[in-house]
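Read through the structure below, which is laid out as structure tokens, and then see the notes.
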Amino acid sequence: MIIKKCELEKIIGLGNKIPDTKKMEFVLVGRSNVGKSSFINTFINRKNYARTSQTPGKTRTINYYNINDKFYFVDLPGYGYAKVSFDEQEKWSKFINKYLNTSKNIEEIIMLIDIRHKPSEKDISMWQWLLQVTGYEPIVIATKSDKLKKTEIMHNIKMIRDELLATSEAIIIPFSAMTRDGLKEIYEVIDKIMK
Ligand code: GTP
Ligand code: MG
């Protein structure tokens, strides 16, 4: 895949109408700080186009990134950040649910999980819920692979698969926004889906 264009085209706040983009949507879900914005930056080969930060809970909107006028990455707000009030989290999870239930253009859901740790309870319930809503397993991108040794990467991928009760067909790709490990594979997966 060659990135010819990337544009943050729509920013949807809480309560706004979910747009009909009429293009394929690849949805990024994952807990706050897992590396969703960093993933987008690596994917489009830009340093800080999608804003990243040390402060979790930064992305508080649904952000639509137009890629090559072919598809969108839909960056959902991260879940499970303790310092965001319960009320606020509730409102957002309802809004995320609304997006997942109403958008007609969802082509694939990409779930990001930190490769270093066991999926949290929230990751597991999100996985199960997505399975239920869509009927198929999301693609998993296991982020921050630069923090582990090769052998640990293999081990933790298996751990993630086991903890999610994912099938052996589920795609789980180790990825690093720092070393770009896994990027080629992700391009291939998306190219294949778009064919
Ligand atoms: P929210 O917008 O809060 O939901 O977070 P996010 O999922 O968009 O995470 P973001 O991309 O902002 O990254 C959070 C932190 O993790 C930042 O400090 C990043 O530099 C760091 N980070 C993200 N990806 C990687 C990675 O692959 N390797 C390493 N070492 N750090 C990473
Ligand atoms: Mg973000």
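The values are calculated or read from the model by the stated rules, or taken from the named source; none is laboratory data. Nothing here was measured: the structure is a model prediction, and the numbers come from that model. Glycine gets a Cβ as well: all are built from the backbone with ideal geometry, and neighbour counts include every protein chain shown. The area values use the complete protein model at the heavy-atom level, side chains included, leaving out ligands, DNA and RNA. Shrake-Rupley method; radii C 1.70, N 1.55, O 1.52, S 1.80 Å.
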Considering only residues that are part of a loop (DSSP other than H, G, I, E, B) and away from ligand 2 (no atom under 11 Å from the Cβ), look in the stretch 49-80 and name the one that is modelled with the lowest pLDDT.
Gln54
For the stretch 43-63, state whether one or more residues are closer than 26 Å to Arg180 by Cβ, in contact (Cβ under 8 Å) with a residue 24 or more places away in the chain and of a type in the set (Phe, Trp, Tyr).
yes
List pairs: first residue in the stretch 146-163 and touching a residue at least 12 places away in the same chain (Cβ under 8 Å), second residue open to solvent by 50 Å² or more (accessible area, probe 1.4 Å) anywhere in the structure, Cβ distance under 6 angstrom, at least six positions apart or on different chains.
Asp146/Met178; Asp146/Thr179; Lys147/Arg116; Glu163/Lys118
Output the residues belonging to the stretch 20-41 that are outside any strand (DSSP E or B) and surrounded by fewer than 18 Cβ atoms within 10 Å (Cβ to Cβ).
Asp20, Thr21, Lys22, Lys23
Is it true that Ile3 is part of a loop (DSSP other than H, G, I, E, B) and at pLDDT 80 or above?
yes
I'm trying to understand the selection: among the residues of the stretch 81-100, which are at pLDDT below 85 and among the hydroxyl-bearing types (Ser, Thr, Tyr)?
Tyr81, Ser85, Ser93
